1. Please report the base-10 log of the normalised intensity I(q)/I(0) for segment B:391-447, using a Debye sum with one equal scatterer per alpha carbon and no solvent, at each q in 0.13, 0.15 (1/Å).
2. Sorted by mean Cβ packing within 10 Å, highest first, what order do the peptides B:221-233, B:384-396 take?
3. Can you bin every Cα-Cα distance in segment B:301-385 into 5 Å intervals starting at zero and give me the percent of pairs per bin, rounded to whole numbers?
4. State the Kirkwood hydrodynamic radius of segment A:113-158 in Å, one decimal place, computed from all pairs of distinct Cα atoms.
5. How compact and how long is chain A, expressed as Rg and Dmax of its alpha-carbon atoms in Å?
6. Hey, rough spin-label estimate for residue B:73 and residue B:274, points 7 angstrom out along Cα→Cβ, what's it come to in nanometres?
7. Taking beta carbons within 10 Å but only from partner chains, what does the mean come to for residues B:169-178?
8. Based on DSSP H runs of at least 4 residues, each adding -39500 (n - 2.57), what is the mean residue ellipticity at 222 nm of chain A after dividing by all its residues, to the nearest 500 deg cm²/dmol?
Ligand SMILES: Nc1nc2c(ncn2[C@@H]2O[C@H](COP(=O)(O)OP(=O)(O)O)[C@@H](O)[C@H]2O)c(=O)[nH]1
Ligand SMILES: [Mg+2]
């Protein structure tokens, strides 16, 4: 079946949302309008079993570290990637508040947590214990790196599978 | 009964007018007591900012409802605040205002430029035509600038692309375009249009259904119509009349009506909406020439086209007839020329062809072309050599080949080549030999005088 799905990239500024998307798709548009509009849109098709799913990626922009999204941009999303920067502890806190905000605005949606910048092992601010603790929230978590491509394709694949299950 | 007492006392104060010191001091005492209460109340308010904070909004509200005094009183303060804010860091205010002002400015500039360019072009085009004259009169009568009248009268536009978008997700449901080539990024454009909608909606933050109706980028504009679950976006080149909106609204209403359930339960299967394509295609309209007030039916695009065709036929006909006569004259001439036999001719649009036999003694047909108005390049000639046996040609040929001395003359009578005058013997001998072998000569006869 041919399907189209909207997914959002969420997370504090600088965690690597745009880099992950850039790694995943070959972007053709200038990223200039991104700052004006607060969102950048890309697309990529993934094949999951007999489904060909075209993902419309809404890369939402945060504001000065404190992430404030236009709720309107979340509307109609089938799922989202919640990105955390392993080298900045506060981005984990932001992730919690974003998660709450999304549930309040559009309800429960399939999502996947990415612990990004996994290549910067020296600079980790989030400990393994804290990550183990995250298990209690029933989050699906992947470590990723937009720099060396670790788990980038996989992240979108896993999320798409989750979304197809949710139909 | 304190109130009774007070009443009585007051009455007495007023009647006796301070002539009773006892009453006076009593009054003073009461007043003082009330004042003290009130004052302490007021003092309390003044020392507690939270309470001022509570009172102020309603005070402002009431004041602004009844008159403008408060607004006037606070205006200088507000102005000063803004001035200081701008002085300290203009970026803050600029950023705050940008979402409102930015698009408005861009829109205004684009519109002004668009109008200017179009009116300029059309002014140049129309100022000399009868239509232009009529519009000049109209401009003079209405007091509007000529350019504006021209623009009102000629709206040229073309709807190039139609997007049918699922409102909630921004996903492209169906797409139609003038040129059959698919826009492979139509789905991203669709998502972006939705994002822009959301952005504008948030930025202006007006009512729930405050929406963006049009975007303009140079001579392209995007018109947007909404139904409860879908958006129809039309990309238009040029200036379309507002009546076109009706077409779009009808289209989106039809889609909404026909696909009510599918739109409501949309899960990303865009294929469902394929049958809606004809509805979109109907929106791909265009208009050339005059639009709006159909004042003169003579100048409809159709009539213009038909008129051009007729003119083309008349002009074409003229050239056709002229050329026909020229060509037949040329062929007649060739026919009448000795030593030329035309075997085949062909009349083309730009180039004619003629084929035949030509004696080398005959006139060169190509040198005749100019007489009939042709260039050698206009006519493709294919002449095969042959020997014309008419006496004239036989004689000519004999003269050329035998090359008699000036003292000898050649003539031809019934196939007999006759030589008169004198020549050397050796010439006679050679000439006799050659002449015998020549076509059209049966005998070689020497007449000596
Ligand atoms: N080393 C490393 N740097 C990253 C990674 N992802 C993003 N960055 C860098 O982090 C910065 C912010 O990334 P960006 O994608 O703009 O973050 P966004 O604000 O979430 O879109 C950029 O300088 C990226 O090069 C990663 O996985 N590893
Ligand atoms: Mg970004």
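Coordinate-derived values only; no laboratory data. Nothing here was measured: the structure is a model prediction, and the numbers come from that model. Quick reminder, even Gly has a Cβ in these numbers, built from the backbone with ideal geometry, and neighbours come from all protein chains shown.
1. Results for segment B:391-447 at q = 0.13, 0.15 Å⁻¹ read -0.25, -0.33.
2. Details: B:221-233: 20.1, B:384-396: 15.5.
Packing order, densest peptide first, comes out as B:221-233, B:384-396.
3. With a bin width of 5 Å, the distribution comes to 3, 13, 22, 20, 12, 8, 6, 6, 4, 3, 2, 1, 0.
4. Details: mean 1/r = 0.0884 Å⁻¹.
When all Cα pairs of segment A:113-158 are included, the Kirkwood radius is 11.3 Å.
5. Rg, Dmax (Cα atoms, Å): 15.0, 45.
6. Using points 7 Å along Cα→Cβ, the separation is 7.2 nm.
7. Working: counts 8, 9, 8, 3, 1, 0, 0, 0, 0, 0.
Averaged over the peptide's residues, the number is 3.
8. Numbers: 6 runs with 56 residues, N = 167.
Counting only the DSSP helices, I get -9500 deg cm²/dmol.
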